[in-house]
1. In the chain, if the dipole is taken from +1 on Lys/Arg beta carbons and -1 on Asp/Glu beta carbons about the Cα centre, which of Phe105, Ile185, Val327 is farthest to the positive end?
2. Taking H as built 1.01 Å from N, whose amide H comes closer than 5 Å to the amide H of Tyr79, not counting residues under 5 places away?
3. Picking from Ser396, Ala225, Ala26, whose Cα lies most toward the positive end of the charge dipole for the chain (charges on Cβ: Lys, Arg +1; Asp, Glu -1)?
4. Using the count of nearby Cβ atoms within 10 Å as a rough guide to exposure, how do Tyr252, Tyr365 rank from fewest to most?
5. Quick one: which of 127-137, 317-327, 24-34, 193-203 comes out on top by average Cβ neighbours within 10 Å, and what's the full order, highest first?
6. Can you give the FRET efficiency for Ala26 and Leu108, using 1/(1 + (r/R0)^6), R0 = 25 Å, r = Cβ-Cβ distance, to the nearest 0.05?
7. Just to be sure I understand the model, the point goes 7 Å from the Cα along the line to the Cβ. What's the resulting Asp129 to Arg97 distance in nm?
8. With an 8 Å Cα cut-off and a minimum separation of 6 or more residues, compute the relative contact order for region 37-417 in percent.
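No value in this document is a laboratory result; all are computed from the given coordinates. Please read these numbers as outputs of a predicted model, since none were measured by experiment. Cβ: placed from backbone, ideal geometry, glycine included. Neighbour counts: every protein chain shown.
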Amino acid sequence: MPAEPVAPPAVTDDDPGGRTVRRLVAIVALVAVLPALYLPGRVHNFFDLKIYMSAMDWWRAGNPLYDYVQPDRVQGELYFTYPPFSALLLWPFGLIRLGATVAIFTLLTVLAVVVTTRWLVTPVIARHDLPRTFTLTVAVLLVLAVESTRETITFGQINMLLVVLILADLLFAVPQGRRWAGVGIGLATALKLFPGIFIVYLLATRRWRAAVVASATAAAATLLAAAVAPSASWRFWTRELWDNDRVGRTDYTGNQSLFGLLSRFTAPEKPDRLIWLLVVAVVAGYGLWRAVRATRAGDLVTGLTLTGLVGALVSPITWTHHIYWFVPAVVLLVDAALRADRPDDFRRRQWLAGLAVGTTALIVYGMVSFQKWGVAPVRTDDPLDFVLRNGYVLLSLLLLVVLPVRPSQPREKSHQMDRSPQ
């Protein structure tokens, strides 16, 4: 009797040694790519941080803070434009060597990337049983690779520190009903104004107490600055706040806001303000409506991400280093693509995965790092030029529409807005 055929051994992934090697190769490859990505940023040479420190020296010498001006090849004359509360916190750094200040700001930014990435990615790792150390390491390296982080570090900006304050509030303090919920957003708003969009988000989602705490914190910080520097505070809030020309050219490609997009149609003239306000009203209304719906459904990360994208779009000037909010958007897209709630919806998961990859590729390559847009104001004059010069604006608008609201998990339901003690 012939022997029965023996089936070949099943192919499994039970090869921990091989997996470890592949993961190490992936990490080494990402680490090797980072220097090349940061190379174009060397020309920035911590330009913004040097403006801050020079402005502090100017102010300490008895000159009006908002008279300080720094010439720039691309933007013309650049002034100190932060609120007076920021100046109070920056003032001590002017007393130490510039190299030490650069090191401190760079270290704080890297730490902020590690902390915030862990906050966003850890729930995804747990939900899909991903390798924790490898996934977190890759995620941190990718966030360090994106243009917003590179520009933040090489210009010497404070953007990631603001992100820490905002995410600490919206991911932990507000959902848990902490008494101090809103303090982070309030401080961030007093430092740079842009985070004020998250106070609007708190109001829209009926987190009344957190909205009051955030507003009171921002007001208290502002009044403290007014008490210490009354003349500078009066000048900022009555004059300089409304002068966009102090920050730079609105038509420059690095300005990835709706006003920047319109400015590139009308350069060298400014766009019609009424048209801009109408576009802003539509975009802000729709984006915040989706953010509220996401929060009501228990998806807090989608709610705050949509709000951040709205803020970037409606601000008159949004430099590429301001748009951190593509990072949580990619996390959301990957999480939604990995979910197996509807295994039959294969095409949708493919679309989400493709959008995650495409978004990552765009924000790593960037809008300004490897482009040579020139110095003179130039109008957008053809469809290709329109897409190339407004990539982040168009991506933000797309994400406002398609960013998925994920099904609420059991532990997430307890943090839903309607059940919040606030």
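1. Of the options given, the answer is Ile185.
2. Under 5 Å from the amide H of Tyr79 lie the amide H atoms of Gln70, each far enough along the sequence or on another chain.
3. About the Cα centre, the residue reaching furthest to the positive side is Ala225.
4. The fewest-first ordering by Cβ neighbours comes to Tyr365, Tyr252.
5. Put in order of decreasing packing, that is 317-327, 193-203, 127-137, 24-34.
6. About 0.35, to the nearest 0.05.
7. 5.3 nm
8. 19 percent
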